[in-house]
Structures are given as structure tokens and as C-alpha cells.
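The values are calculated or read from the model by the stated rules, or taken from the named source; none is laboratory data. Since the model is a prediction, treat every value here as computed from it, not as a measurement. Here the Cβ is made from the backbone with ideal geometry for all residues, glycine too, and neighbour counts use every protein chain on show.
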Amino acid sequence: MAALVYARNMKTITLDDVAYERLKAWKKGRGESFSSVVKRVIPEPGSLGAFLGFAELHQTQSLAGNDLMEEAVDERSPAKEDAWT
């Protein structure tokens, strides 16, 4: 059985072996495309609030370096009451 897939607007990207293995590790199974993985895992560009929502949704609070990121945001936005919005 053959499947014909027609897709417009496809792009070719180059990944080194380490990046490819990281992306591949996010796949939920053989049927999930890399495009689906990227759309599911990578947040849309936007505010730091959107990024925080993504981090909370995906429970990234235990990743190393989070404290450094929060410090950088706080230093960048001293006039704001909430640096995440």
C-alpha cells in the first residue's frame, strides 16, 4: 500500500546529529512528523508571558538554568511589576 502525501510550503533544514536526536526524542511515535513535533513543543513567538505559559504547561521548571533566565528577565524589565507580561 502506497500513500501519496501532497504538501505545500515545505522547507528543508539541516540539523547536526545531536539536534536531530533531541528532536527525534520528542516524537510520540512513528506516525508523528517532525513538523508536528515542532508545532507541539516550540512556543509561538510572543511575550515572555507566553513563554512562561509554555514552560508551566510542559513542566520545565526542573531544567538547569531556569534561575539564570529568571534573573535575566528581572534585570531586563526593572520598571515592570511583572517581568513575564
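What's the number of the condition T12 fails, among (1) modelled with pLDDT of 75 or more; (2) touching a Phe, Trp or Tyr at 6+ places or on another chain (Cβ under 7 Å)? T12 satisfies all of (1) modelled with pLDDT of 75 or more; (2) touching a Phe, Trp or Tyr at 6+ places or on another chain (Cβ under 7 Å) except (2).
Okay, residues lined up against (1) surrounded by 10 or more Cβ atoms within 10 Å (Cβ to Cβ); (2) touching a residue at least 24 places away in the same chain (Cβ under 8 Å); (3) under 29 Å from E70 (Cα atoms):
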site	(1), (2), (3)
K11	no, no, no
Y20	yes, no, yes
L23	yes, no, yes
W26	yes, no, yes
F34	yes, no, no
V37	yes, no, yes
V41	yes, no, yes
S47	yes, yes, yes
F54	yes, no, yes
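Is it the case that S62 is of a type in the set (G, A, S) and under 15 Å from the mean Cα position of the chain (by Cα)? Considered against the rule, which asks whether it is of a type in the set (G, A, S) and under 15 Å from the mean Cα position of the chain (by Cα), S62 comes out as no.
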